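Visitor: Attaching a single structure in structure tokens format; questions to follow.
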Amino acid sequence: MATGSRRHRHDTARLKHDAAQSTLAPTVSSQPRPAMSSHLLSVDSLSRDDVDHLMRVSALMEPIAQRRKVTRVLEGAVLGNLFFEASTRTRVSFHAAFSRLGGSVCDTTGFTFSSMAKGESLYDTSRVMSGYCDAIVLRHPEQGAVAEFARATKVPVINGGDGPGEHPSQALLDLYTIDKEFTRLGKSLAGAHILLTGDLKYGRTVHSLIKLLSLYEPMRITLVAPPGLEMPRHLIDLVSNRGHWVETRESLACDFSDLDVVYTTRIQKERFTAEMSESFGGLSRDFTVDRAFMDRYCGPDTIVMHPLPRDSRPEANDLDVDLNGDPRLAIFRQTDNGIPVRMAIFATLLKVDHLIERDLRDVPWFVPDTIGVDDLRD
């Protein structure tokens, strides 16, 4: 595919919006929409129409997420935010998203203070929590545990990360971020060149993202991972069979001048065996995304993304802090986008997405124009 064709917007593109307004359908029907799956456990449960709808609702949520508007469409609803694996951003993001829709949140973190420490099964925990809550977000260190939990309840369950499995809400906010960045740069998702690098074996965010990207127009996806941490073969086959060009390289020392997105992930050492931990001790900085890599091998408008947290220690093979302040670095815009996207997920699963526009009010408190000192300004 000619690379020049992807430098122009498609008039009929289904994923074009900016922070204020979507150029998809800027409004959502005032009538309830036929529901997608009652849970969000995997990207596999989402159709292209489901994803497009969530992107449209996310755009409607922007004024609320940016603290310009208030809504109470989930007033009286209770979220069970159950995190049995370490988290800061995801847990607080889900909490904030539900609260900004008017709901209240009950948090549980870690196994130590849960009944699971006493031997309670996932089934029992699910059934009990379903009697208390209207929706549940679950993060668990074991792949498949969230799906097992969801089988015991009819209230919506959202997978907040299941070991090396999936992280569907992160993939949705990543897609939303890519679209917003492309809109700003005048690019199109169709035909884009996206690099996924880092821990592609245990990095659940890339597992969900590559499947989500595969629902869209053909693009070029390049994979670079340390030996032993390559993308699972079944995911490469799935994406290739959907018409995308997937290329595997062994090093970041390549010409990526036509690259649109660098999506890098932390090495998931907490999932390593003892033998793996020893063998991965000498990677040096061979797989680090830093200013030298970006300036030497990438273009001036290549955007850099990371699901966070990044390992900022000098010896880490991760996203280097020397890119802080670089306009190509989109990681904080990416985390900010987690709020409207997760609000859209809650509103859609709880079937109040059609009520948002009619329920908006201005905020009464002071809100700064930007959040961070180096935020990108329009």
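The values are calculated or read from the model by the stated rules, or taken from the named source; none is laboratory data. The structure presented is a predicted model; accordingly, all values stated were derived computationally and were not measured. Note: ideal-geometry Cβ built from the backbone for every residue, glycine included; neighbour counts use all protein chains shown. All accessible areas refer to the heavy atoms of the entire protein, side chains included, with ligands and DNA or RNA removed. Shrake-Rupley method; radii C 1.70, N 1.55, O 1.52, S 1.80 Å.
Visitor: State yes or no: is GLU357 of a type in the set (D, E, K, R), surrounded by fewer than 17 Cβ atoms within 10 Å (Cβ to Cβ) and in contact with a helix residue (DSSP H, G or I) (Cβ under 7 Å, 6 or more places away or on another chain)?
Guide: Values: of a type in the set (D, E, K, R): yes; surrounded by fewer than 17 Cβ atoms within 10 Å (Cβ to Cβ): yes; in contact with a helix residue (DSSP H, G or I) (Cβ under 7 Å, 6 or more places away or on another chain): yes.
It is true that GLU357 is of a type in the set (D, E, K, R), surrounded by fewer than 17 Cβ atoms within 10 Å (Cβ to Cβ) and in contact with a helix residue (DSSP H, G or I) (Cβ under 7 Å, 6 or more places away or on another chain).
Visitor: Based on this model, can you work out whether GLY80 counts as over 15 Å from the mean Cα position of the chain (by Cα), surrounded by fewer than 18 Cβ atoms within 10 Å (Cβ to Cβ) and either farther than 22 Å from GLN334 by Cα or acidic (Asp, Glu) (or both)?
Guide: Details: over 15 Å from the mean Cα position of the chain (by Cα): yes; surrounded by fewer than 18 Cβ atoms within 10 Å (Cβ to Cβ): no; either farther than 22 Å from GLN334 by Cα or acidic (Asp, Glu) (or both): yes.
No.
Visitor: Out of segment 205-247, which residues are more than 23 Å from SER188 (Cα to Cα) and free of Cβ contacts under 8 Å to residues at least 60 places away in the same chain?
Guide: Passing the criteria: PRO227, GLY228, LEU229, GLU230, MET231, PRO232, ARG233, HIS234, LEU235, ASP237.
Visitor: Now for a different question. List the number of the failed condition for MET343; all other conditions in (1) at pLDDT below 95; (2) buried (at least 16 other Cβ atoms within 10 Å of the Cβ) hold.
Guide: For MET343, the exception is condition (1).
Visitor: Quick one: which residue in ARG358, ARG328 is more than 17 Å from the chain's Cα centre (by Cα) and at pLDDT 95 or above?
Guide: That would be ARG328, the only listed residue that is more than 17 Å from the chain's Cα centre (by Cα) and at pLDDT 95 or above.
Visitor: In segment 251-276, how many residues are in a loop (DSSP other than H, G, I, E, B) and either modelled with pLDDT of 90 or more or in contact with a helix residue (DSSP H, G or I) (Cβ under 6 Å, 6 or more places away or on another chain) (or both)?
Guide: First, pick out the residues of segment 251-276 that are in a loop (DSSP other than H, G, I, E, B): 251-255, 257-260, 265-268, 272-273.
Imposing the further condition that a residue be either modelled with pLDDT of 90 or more or in contact with a helix residue (DSSP H, G or I) (Cβ under 6 Å, 6 or more places away or on another chain) (or both) reduces the set to 251-255, 257-260, 265.
Matching residues across segment 251-276 total 10.
Visitor: Among (1) under 21 Å from ARG296 (Cβ atoms); (2) in contact with a strand residue (DSSP E or B) (Cβ under 8 Å, 6 or more places away or on another chain), which single condition is ILE221 missing?
Guide: Going through the list (1) under 21 Å from ARG296 (Cβ atoms); (2) in contact with a strand residue (DSSP E or B) (Cβ under 8 Å, 6 or more places away or on another chain), ILE221 breaks only (1).
Visitor: From ALA97, ALA147, which residue is open to solvent by less than 10 Å² (accessible area, probe 1.4 Å) and in a helix (DSSP H, G or I)?
Guide: Just a single option satisfies the conditions, and that option is ALA97.
Visitor: Same structure again: If you check ARG89, ARG139, which single one turns out to be exposed (fewer than 15 other Cβ atoms within 10 Å of the Cβ), more than 17 Å from GLU357 (Cα to Cα) and of a type outside the set (A, V, I, L, M)?
Guide: ARG89
Visitor: How many residues does segment 363-378 contain that are at pLDDT 90 or above and open to solvent by 100 Å² or more (accessible area, probe 1.4 Å)?
Guide: Count: 3.
Visitor: Return the pair list, or none, for Cβ contacts closer than 8 Å from residues in segment 251-262 that are among the hydroxyl-bearing types (Ser, Thr, Tyr) to residues that are in a loop (DSSP other than H, G, I, E, B) and open to solvent by 30 Å² or more (accessible area, probe 1.4 Å), at least 6 apart or on different chains.
Guide: That search, which allows pairs on different chains as well, returns SER251/ASP286.
Visitor: Could you check SER240 against (1) part of a loop (DSSP other than H, G, I, E, B); (2) over 19 Å from the mean Cα position of the chain (by Cα) and say which number it fails?
Guide: Going through the list (1) part of a loop (DSSP other than H, G, I, E, B); (2) over 19 Å from the mean Cα position of the chain (by Cα), SER240 breaks only (1).
Visitor: From the set of residues in segment 192-210 that are open to solvent by 10 Å² or more (accessible area, probe 1.4 Å) and more than 12 Å from the chain's Cα centre (by Cα), which is modelled with the highest pLDDT?
Guide: Result: LYS201.
Visitor: Taking segment 107-136, which residues are open to solvent by 70 Å² or more (accessible area, probe 1.4 Å) and at pLDDT 90 or above?
Guide: Matches in segment 107-136: TYR123, ASP124, ARG127, TYR132.
Visitor: Go through segment 178-200 and give me each residue that's of a type in the set (D, E, K, R) and in a loop (DSSP other than H, G, I, E, B).
Guide: LYS187, ASP199
Visitor: So which residues in segment 295-310 are out of contact with any strand residue (DSSP E or B) (no Cβ under 7 Å at 6 or more places or on another chain), more than 17 Å from ARG89 (Cβ to Cβ) and either touching a residue at least 12 places away in the same chain (Cβ under 8 Å) or crowded, with 16+ Cβ neighbours inside 10 Å (or both)?
Guide: First, the residues of segment 295-310 that are out of contact with any strand residue (DSSP E or B) (no Cβ under 7 Å at 6 or more places or on another chain): 295-296, 299-301, 307-309.
Filter once more, so that each one left must be more than 17 Å from ARG89 (Cβ to Cβ): 295-296, 299-301.
Selection gives GLY299, PRO300, ASP301.
Visitor: Test SER240 against the criterion of being among the small types (Gly, Ala, Ser), within 18 Å of GLY198 (Cα to Cα) and out of contact with any Pro (no Cβ under 8 Å at 6 or more places or on another chain), and give yes or no.
Guide: Criteria not met by SER240.
Visitor: Same structure again: When the residues of segment 150-183 are filtered to those that are hydroxyl-bearing (Ser, Thr, Tyr) and in contact (Cβ under 8 Å) with a residue 60 or more places away in the chain, which remaining residue is most open to solvent (accessible area, probe 1.4 Å)?
Guide: Once the filter is applied, the top-ranked residue is THR183.
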